[in-house]
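Comments concern the structure below.
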Amino acid sequence: RRLLSAIGSQMDTAIFESLERRRLRQVLGRSVDPQVMERLLANPDVEFLKGERAVLSVLYADLRGSTSLSENAEPELLVGFVNDYLGRMTEIILEHEGTLDKFVGDEVMALFGAPVPQPDHALRAVRVGLEMQKAHQAVMKAWQGRDLKPIPIGVGIATGEMIVGEMGCPQRTDYTVIGRAANLGSRICGVAEAGQVLISQETYELVKERVEATPITGLRLKGVNRPITACLLYTSDAADELDGVDL
């Protein structure tokens, strides 16, 4: 009886671990790089999907003027362009071991520092934002001459304490974040002009030894009671300059 009980207990544990691994793949399988996923699966004792507080960096990238574009372009052409843009942005995020949070229309949201802790999450986010601008220029050039006028993007990045974990309902869940810093990143992206990468003051404090930036003071953001200061990164050569940074 003791032997059968021990065997049954081991089987229960194995089944539970298998279900947890399957759940992890379902929630994060398309959001992280395959190598990151293997590291997650190699740590069965860590509950990566549970809600927790953590200091992270969040990035938003949004097409400028996409509403007017959708009204004038042929649907098939627009879908092809947006898919090309979203695909390239996703590749850059995963190349730097970021987590693709979600697409909101043509907006991309990404996390850095979760589910795998990254001490340099702010620097990763900055580098991804700069590379996104550079890559999007190439995407726009590729679409010139196809009766579609490609449009630029604005990027916003913020750093701070957020609650991160699996959120949703039985029908659908996402691995995402909520909190003031997450909202701030979205608002900063909203005021970033075409071709700009704007970062919060908190992000800048973590990367100021690595980048050049110009402070923009007195920014008034929707839902934020007082004016804030954001920092505008130089995008022309900044991505190339960060190529030698160990991440």
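Just so it is clear, none of the values below were taken in a lab; they were calculated from the coordinates. The structure presented is a predicted model; accordingly, all values stated were derived computationally and were not measured. Heads up, the Cβs are rebuilt from the backbone with ideal geometry, glycines too, and the neighbour counts pull from every protein chain shown.
All Cα-Cα separations within the chain were binned at 10 Å from zero, giving a P(r) of 7, 29, 31, 20, 7, 3, 2, 0, each value a whole percent of the pairs. Annotation: lysines with alpha-carbon distance below 22 angstrom to residue 102 (same-chain offsets under eight excluded): 50, 134, 222.
Residue ranges 195-207, 217-229, 45-57 sort as 195-207, 45-57, 217-229 when ordered by packing (mean number of other C-beta atoms within 10 Å per residue, highest first). May I ask for the percentage of alpha-carbon pairs in region 103-210 that lie more than 20 Å from each other? Roughly 46 percent, once rounded to a whole number. For a modelled paramagnetic label at residue 53, 7 Å from Cα along Cα-to-Cβ, the residues of region 149-193 in reach, with backbone nitrogen under 15 Å, are 160-165, 178-182.
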